[in-house]
1. Mind telling me which of the residues Ala48, Ala72 ends up being among the hydrophobic types (A, V, I, L, M, F, W, C) and either surrounded by 18 or more Cβ atoms within 10 Å (Cβ to Cβ) or at pLDDT 90 or above (or both)?
2. Restricting the first residue to segment 54-69 and requiring it to be exposed (fewer than 15 other Cβ atoms within 10 Å of the Cβ), which pairs with a second residue that is charged (D, E, K, R) meet a Cβ separation below 6 Å and a spacing of at least six or different chains?
3. Please pick out the residue among Lys131, Lys103, Lys98, Lys137 that is of a type in the set (Lys, Arg) and surrounded by 13 or more Cβ atoms within 10 Å (Cβ to Cβ).
Amino acid sequence: MDLSAIFSAVITQLLKMAEHEKQDNVKQASGSQVARKEDARKPSIQPADKDFRYFVRIANTDLDGNKKIFQALTKIKGVGFMFANMLCNIAGIDKNAKTGYLKDDQVKKIDEVLNDPGKYNAPGWMLNRRKNYEDGKDYHIITGNLSFAEENDVKRMKRIRSYRGIRHGMGLPVRGQRTKSNFRKNKGKVSLGVIKRADAKPGKV
């Protein structure tokens, strides 16, 4: 048998083996990537603790149990950072404690303070509805009641035709902002340049 033929046959066999090995490596790499993606999709499993709750319901709002209590309370509509800090101080709860470890009596205490902060001597300047229109008292409104009160205030201003009510009705800013450059409804559709009149004489604008 010719040596050149033997050599070419060996080279062909080696090339085939290299190609098969390359395909196997590609399959293994793709399989490992798929496995990593599946692992990434799986939720992180934390150590089981019978006292820990992943969601704590306060004021009809589900709070994240993994967050600190003063951070989680800000998810409630009408509760900001400062008000949440005040809630923790009045209720006697460590504001850096995790929400998921709160006991039922602590959750109940926070709910009571939220519903009537004036009863627990909360300062008036911390409340979001001072000198209410109907009775002149100070309240702190949260969740859906806050949205309802805002809508009623806007409707009342429109009904009595106050300046703010008229601006609300026209869809314009209420607090004295300039409207030359901002609050344009047809932004990008109308040019701000000077339009030349059709009957204008040459050389004049």
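The values are calculated or read from the model by the stated rules, or taken from the named source; none is laboratory data. The shown structure was predicted, so the numbers you read here are calculated from the model rather than taken from an experiment. Because the Cβ atoms are built from the backbone with ideal geometry, glycine has one as well, and the counts that use them run over all protein chains shown.
1. Ala72
2. Once the first residue is exposed (fewer than 15 other Cβ atoms within 10 Å of the Cβ) and sits in segment 54-69, its partners that are charged (D, E, K, R) give Phe55/Asp62.
3. Residue meeting the stated conditions: Lys98.
Condition check ((1) of a type outside the set (Phe, Trp, Tyr); (2) more than 30 Å from Arg53 (Cβ to Cβ); (3) touching a strand residue (DSSP E or B) at 6+ places or on another chain (Cβ under 9 Å); (4) at pLDDT 90 or above) across all residues:
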| site | (1), (2), (3), (4) |
| --- | --- |
| Asp111 | yes, no, yes, yes |
| Gly118 | yes, no, yes, no |
| Gly136 | yes, yes, no, no |
| Ile160 | yes, yes, no, yes |
| Gly171 | yes, yes, no, yes |
| Gly176 | yes, yes, no, yes |
| Ser181 | yes, yes, no, no |
